[in-house]
Amino acid sequence: MSIRVRLFIMLLLFIILPYFLSVILIYVNSKSSIEERDLAKSREELQESGTDLEHYAEEMVRLPYRLFNMPEVQQVLEHGMLEESTEHIRAFENSVGTYAATRPDIRQLRFYFQQDQQSMTVYQANVSAPKPAPGYLDESPFKALYDSEEAYMLEAPHVLENDNNVAIVPESDNTMVLPIHHKITDVLSGEFLGFLTTDVEVSSFAPLLDAVTREAGTKVLLVNDSGRIMYSKDSEQLGERLDEVDIAASDDHLVLQEELGDPLAGWKLIKITSKDALFRDARDTAWTNVWLGIIVVVLGIVLILVISRIFTKPVITLSERVRSIEGGQMDVGLKMDRQDEIGHLAAHMQEMLDRINSHIAREYKLELEVKESQLRLLKSQVNPHFLFNALQSIGAVALRSNDQEVYKLLVSLSKMMRYALQADQLVPVQEELAYIDAYVTLQKERFGADLSVSIEVEEAIQAYRIPSMLLQPLVENYFKHSFEQKRDKSSFLLKGTLKDRSLVFQAISHGPSVSRARLELLQKEEAGGTGLRNIAERLRLHYGDAAGFHVDNLDGRGFRVTICIPIEEQGGR
């Protein structure tokens with residue numbers, strides 16, 4: 001790990017991480033504190049707003065009773081509109097108009113008189129003419145209120161309706177109203193006299209809920225005992241049934257509920273606060289700290305770059321030069337024009353490198369001399385052994401005949417002798433096969449033409465180069481250890497293939513096998529003739545551990561030698 005990386009790690013561990021951890025902790029604690037404070041404040045505000053709503057609703061429920069107690073109103077309710085004189089009707093209209101004008105939150109009043117089944121509308125202190133309403137009691141929600149023991153009923157909010165179809169109500173009025181229906185009865189007899197519907201503007205609830213709606217990202221809902229929304233700033237929600245899933249507390253918002261009492265028993269005041277808006281200030285503060293931290297990080301990086309430029313660049317340069325030595329480049333200059341500790345270190349390392357180069361050169365020359373001596377020794381071991389057999393074959397032919405065959409054999413022998421002089425060189429596989437063919441020709445003259453010797457080497461590999469006289473000892477071993485023991489039951493096959501980027505040669509001698517004990521010694525290279533040992537030694541000299549040499553029996557039916565030569569180690573074809 002470089003010094004520069006260590007400096008970055010120190011900056012990360014001792015400055016950046018502690019700073020950002022502190023920012024996160026402050027943000028989390030701020031969120032928790034803000035949430036607790038907002039919850040306590042919101043509960044208090046909900047209670048206050050709920051109390052204000054209860055008082056307002058109670059006022060709106062009790063307000064019509066003042067109207068019912070007026071003599072002119074009570075007389076019309078008891079006798080009906082049609083039975084009263086014009087003077088009484090005018091007094092009734094004046095009282096009702098004055099009543100409506102004193103309450104701007106009342107958008108519309110609708111009367112139903114049971115005595116003569118007439119209805120009348122009061123719109124913003126304007127009184128309409130009465131109209132017949134014979135089926136009024138059969139309409140909803142009046143039938144339900146008539147059959148119940150309750151004196152009033154609150155209907156779900158909706159757009160102002162002109163139920164009596166009177167001219168004083170404009171069609172363009174789309175005010176959202178909360179209808180309050182009162183059942184009017186005679187106090188003494190309990191006789192049903194009619195209905196009064198008071199359409200209260202929903203917007204009149206807004207001032208009562210200012211305390212809980214003034215915060216950004218806050219939504220307040222007023223829900224009745226049937227689960228319908230009675231108040232919301234979103235007019236499309238009014239009258240709709242509340243989905244409890246939508247208001248369940250989640251990671252996105254906080255939800256508080258306040259149960260209301262009479263005359264709104266069973267109603268709920270619900271406050272939904274967006275956490276995004278609630279924690280905006282804390283988040284903005286956290287982001288400010290984050291940007292400050294980024295500035296600190298940038299300054300720290302600049303500081304590290306300056307320090308590394310001044311102090312670590314010479315070390316890094318020296319390290320890169322030393323690392324190039326690992327790749328085998330030994331002519332690297334390590335000396336620096338510095339008089340400090342790094343300069344002294346570079347000078348001493350340069351002296352060490354020069355001594356190492358001197359030792360390597362000397363050892364390399366010694367190793368080359370040793371390998372050349374080994375090759376010369378192997379060649380000297382192979383040639384006399386082969387020449388003895390070749391001369392023996394020529395002598396046998398000379399004893400049997402006195403013709404041109406002797407000349408052909410001498411030609412083959414001369415070719416073999418010239419090829420044998422290349423024992424320390426790489427030759428194409430086809431030249432090695434030509435050498436083997438000449439050798440087999442001599443052996444056929446020696447033992448007869450019925451020898452069973454086959455050469456099956458793929459044409460595709462014959463251009464590849466291998467050490468000369470690598471395969472011939474395998475053929476020679478066949479004649480020495482197999483054919484001479486069982487001439488009539490032995491055969492030899494030399495196969496050559498390309499497999500997994502390697503040249504694979506197999507010499508298979510069908511005939512006698514070696515014992516298990518001798519096979520183990522051969523596999524350990526602790527036994528065997530000159531030929532097999534030479535092959536193993538030459539493979540190691542040319543290819544090291546990349547080449548393969550293996551001997552094994554054929555289940556009592558012969559003997560097999562396998563040679564594997566890697567193509568990539570040959571330097572091309």
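Could you please put 287, 267 in sequence from largest to smallest accessible area, using a 1.4 Å probe?
Numbers: 287 140, 267 15 Å².
Solvent-accessible surface, decreasing: 287, 267.
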| task | Starting at the first residue of the stretch 113-123, write each ³J(HN,Hα) from the Karplus equation 6.51 cos²θ - 1.76 cosθ + 1.60 with θ = phi - 60°, in whole Hz, x for Gly and Pro. | result | 9, 5, 4, 10, 6, 10, 10, 8, 10, 10, 10
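Could you sort 148, 468, 33 by their accessible area in this structure, using a 1.4 Å probe and putting the largest first?
Numbers: 148 35, 468 0, 33 55 Å².
Reading off the accessible areas and sorting them downward yields 33, 148, 468.
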| task | Arrange the peptides 54-62, 69-77 so that the one whose residues have, on average, the most other Cβ atoms within 10 Å appears first. | result | 69-77, 54-62
| Which ³J(HN,Hα) values, rounded to whole Hz and listed in residue order, are derived for the stretch 440-447 from phi using the Karplus coefficients 6.51, -1.76 and 1.60 in 6.51 cos²θ - 1.76 cosθ + 1.60 with θ = phi - 60°, glycine and proline given as x? | 5, 4, 4, 5, 5, 5, 7, 9
| Mind ordering 194-205, 41-52, 551-562 by average Cβ neighbours within 10 Å, highest first? | 194-205, 41-52, 551-562
| query | How much of residue 348 can a 1.4 Å solvent probe reach, expressed as accessible area in Å² and rounded to 10? | reply | 110
| query | Karplus couplings for the stretch 138-144 from phi (6.51 cos²θ - 1.76 cosθ + 1.60, θ = phi - 60°), rounded to Hz, Gly and Pro as x? | reply | 8, 7, 8, x, 5, 5, 5
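For the stretch 23-120, take N as its residue count and report Rg(C-alpha) divided by 2.2 N^0.38 Å. Provide the component values of the computation, followed by the final result.
Numbers: Rg = 24.9 Å, N = 98, 2.2 N^0.38 = 12.6 Å.
My calculation over the Cα atoms of the stretch 23-120 gives 1.98.
The values are calculated or read from the model by the stated rules, or taken from the named source; none is laboratory data. Computed from a predicted model, the values in this text were never measured in an experiment. Methodologically, a virtual Cβ is constructed for each residue, glycine included, from the backbone with ideal geometry; neighbour enumeration extends over all protein chains shown. SASA here: full protein model, heavy atoms, side chains in, ligands and nucleic acids out. Shrake-Rupley method; radii C 1.70, N 1.55, O 1.52, S 1.80 Å.
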